[in-house]
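Enquirer: Before we start, here is the structure in question, set down as structure tokens.
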Amino acid sequence: MTQPADNPTAQVLIVDDEPDHAEVMGEALRRLGHVCTIVHGREAAEDELRHGNFDLVVTDLVMQHEDDGLKVLQVARQIQANAETIMVTAHGDVATATAALKAGAFHFIEKPLDLEVFRSLCDQAIRSVTRRHEITELRDSLDEKFRVEGIIGNSPATRHVKTMIRQVAQSDIPVLITGESGTGKELVARAIHRNSNRSRKNFRPLNCAGLSESILESELFGHVRGAFTGAERDRIGVFEYADGGTLFLDEIGDMPMSMQAKLLRVLESGEIVRVGSNEPIHVNVRVLSATNHVLEESTSRKMFREDLYFRIRGAHINLPPLRERQEDIRPLVHYYADHFARQMKKGDLKIDEDVMIRLLQCPWPGNIRELINAIQNMVIVCDGGVLETRHIPMELREASSVRDESRRLESLTGMSLEKLEKHAIRNTLHSCGGNREQAAKILGIGERTLYRKLKEYGLK
């Protein structure tokens, strides 16, 4: 049986306490181009599920204990929500198999395996996962005005970022994404991958911050059995996992200098060597990197290799902080309020305009991540169908007004009353996306008065 050319490559976890049987299943799927990780017990399976990323889990129903397979299924459903699970049993236990289906298993198959049936069943499960990914990506691409490529907003700064994404996506040029924490650097990396010719292959993120050199080397390049204490089996690294696809190295500015040299060699040669091995493995990976550091300063202080900096900075996308693109706050609030309301089954939530006014006035030092957390918290505590000011987190209400007021007073000192009024009208309209009704309400004047002021000051 050969794999159709359009079938995606899947990451498969096989769990069976009979090594020979596990290898038969693994070989049957490897022949179709799938990547198989094989373990022989529940605890090893749970460890893989916590540290790996799988599309399909094939597990024996009964191993050391009668409920081992069901426990693997439970953990898979919790940690790998997008994966499908197929149960394998030699016991013909219809009741237990039915319980597995009710618990969320895709299907079950009995031993001895008919390999054609087994491959067909696995193919159906993998196609189901692929369809879900495609539907999610399609949903994320809707509402083009505010959410092109998953990047929400329509400010000039955000439109520029979207243009850059389109321009760099179709090439294999490495991209460095910079910006403050919480500005959405991984979202941009995922958007580049989705719009590239590598979109059918894997996207793999890795945060380089806080990892020791040995752990980071193993995460990047993998290791062989016996390479170090605890290395009980071969394990592929993110470069191999992302082969043919995209690798996103987040917080690359925090990578140890010794690892920077090893990464540079891989980027120049296209070959990795697993820890504990001498055999080079060729990989075809596009590397996207991100940092909140100014790498030019890091290179001048000898904290980051200059040659690696030029290697990863083929193109540069800088993400402005949320305070510099206030026009994006309104669509962000609407999108995430709707998202969390659907997630928590709270139906359609309306947003009181006073809430929006308060959120527009916040400085958001934590950027989009802080805003998302605030909206999630508001939806959780909302006890009706409308988000009101009382639902805004207290610390956000108290912390924002004092900082904003001092900045505003400092910037307005010395202005004439006429200029102050013109300044207030222009900035309020800007933050409301040009909506005169909302701007008039914020300014505390009627729409007719606002219209007259616009003509008087020559504002559009």
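Enquirer: If amide hydrogens are placed 1.01 Å from N in the peptide plane, which non-local residues have theirs closer than 5 Å to the one on ILE351?
Expert: The answer is LEU387.
Enquirer: Let me ask you something else. How far is it, in nm, from the label point at ASN435 to the one at GLN167 when both lie 7 Å from their Cα along the line to the Cβ?
Expert: Each label point lies 7 Å from its Cα, and together they span 3.2 nm.
Enquirer: Expressed as a rounded percentage, what relative contact order does the chain have, with Cα pairs under 8 Å and six or more residues apart?
Expert: RCO, the chain: 11 percent.
Enquirer: Taking the radius of gyration and the Kirkwood hydrodynamic radius from Cα positions alone, what is the Rg/Rh ratio for the stretch 203-283, to two decimal places?
Expert: 0.93
Enquirer: Counting each pair of different Cα atoms once, what's the Kirkwood radius of the stretch 166-235 in Å, rounded to one decimal?
Expert: In the stretch 166-235 this quantity evaluates to 14.7 Å.
Enquirer: Can you give the alpha-carbon Rg of the stretch 220-267 over 2.2 N^0.38 Å, where N counts its residues?
Expert: The value comes to 1.29.
Enquirer: If you don't mind, there's one more thing I want to ask. Among 239-252, 278-291, 297-310, how do they line up by average Cβ neighbours within 10 Å per residue, starting with the highest?
Expert: Output ranking for 239-252, 278-291, 297-310: 239-252, 278-291, 297-310.
Enquirer: Can you list the lysines whose alpha carbon is less than 27 Å from that of LYS71, not counting same-chain residues fewer than 8 positions off?
Expert: LYS102, LYS111
Enquirer: Could you work out, for the stretch 150-320, what percent of all Cα-Cα pairs fall into each 10 Å distance bin, beginning at 0 Å and stopping at the bin that holds the largest distance?
Expert: 10, 38, 35, 14, 2, 0
Enquirer: Ok, one more. Taking the alpha-carbon centroid of each part, what is the distance from the stretch 240-260 to the stretch 339-360 in angstrom?
Expert: 37
Enquirer: In whole Hz and in residue order, list the ³J(HN,Hα) couplings for the stretch 177-189 that follow from phi through the Karplus curve 6.51 cos²θ - 1.76 cosθ + 1.60, θ = phi - 60°; x for Gly and Pro.
Expert: Along the stretch 177-189, the couplings run 10, 10, x, 5, 4, x, 8, x, 5, 5, 4, 5, 4 Hz.
Enquirer: Here's something else I'd like to know. Could you give the length gained on full extension between LEU417 and ASN318, defined as 0.36 nm per residue of separation minus the Cα-Cα distance, in nm?
Expert: Answer, rounded to one decimal: 31.9 nm.
Enquirer: Right, another one. Aspartates and glutamates within cross-link reach of LYS455: Cα-Cα under 19 Å, excluding same-chain residues under 8 positions apart?
Expert: Output for LYS455: GLU418, GLU421, GLU437, GLU447.
Enquirer: Treat the count of other C-beta atoms within 10 Å as a stand-in for reagent exposure and order SER214, SER416 from fewest to most.
Expert: The fewest-first ordering by Cβ neighbours comes to SER416, SER214.
Enquirer: Binning at 10 angstrom from zero up to the longest distance, how are the C-alpha pair distances of the stretch 324-457 distributed in percent?
Expert: 11, 38, 33, 15, 3, 0
Enquirer: Now, a different point. Debye calculation, C-alpha points only, no solvent: report log10 I(q)/I(0) for the stretch 265-367 at q = 0.11, 0.12, 0.14, 0.17 Å⁻¹, in the same order as the q values.
Expert: Scattering profile of the stretch 265-367, log10 relative to I(0): -0.66, -0.72, -0.81, -0.91.
Enquirer: Could you state, as a whole-number percent, how many of the C-alpha pairs of the stretch 11-139 are farther apart than 22 Å?
Expert: 28
Enquirer: Filter the cross-link list LYS162/LYS201; LYS185/LYS262; LYS185/LYS441; LYS346/LYS453; LYS162/LYS262 down to pairs whose alpha-carbon distance in this structure exceeds 30 Å.
Expert: In this structure, LYS185/LYS441; LYS346/LYS453; LYS162/LYS262 exceed 30 Å between Cα atoms.
Enquirer: Separate question: What shape does the chain take by its C-alpha gyration tensor, where a ≥ b ≥ c are the square roots of the eigenvalues and a/c under 1.5 counts as rounded, a/b above b/c as prolate, and the rest as oblate?
Expert: Prolate, since a/c reaches 1.5 and a/b exceeds b/c.
Enquirer: Using each residue's phi in the stretch 420-427, evaluate 6.51 cos²θ - 1.76 cosθ + 1.60 at θ = phi - 60° and report the 3J(HN,Hα) Karplus result to the nearest Hz, with x for Gly and Pro.
Expert: 4, 5, 4, 4, 5, 5, 4, 5
Enquirer: If contacts are Cα pairs under 8 angstrom and at least 6 residues apart, what is the relative contact order of the stretch 150-320 in percent?
Expert: 32
Enquirer: Just to verify a number: FRET efficiency for GLU186 and ARG132, C-beta to C-beta distance, R0 = 22 Å, to 0.05?
Expert: 0.60
Enquirer: Report, for the chain, the % of DSSP beta bridges that are antiparallel, rounded to 5.
Expert: Expressed as a percentage, antiparallel bridges in the chain total about 15.
Taken together, the values in this text are just the output of simple stated rules run on the coordinates, not laboratory data. Predicted, not measured: the structure shown is a model, and the values here were computed from it. Backbone-built Cβ (ideal geometry, glycine too); neighbour counts: all protein chains shown.
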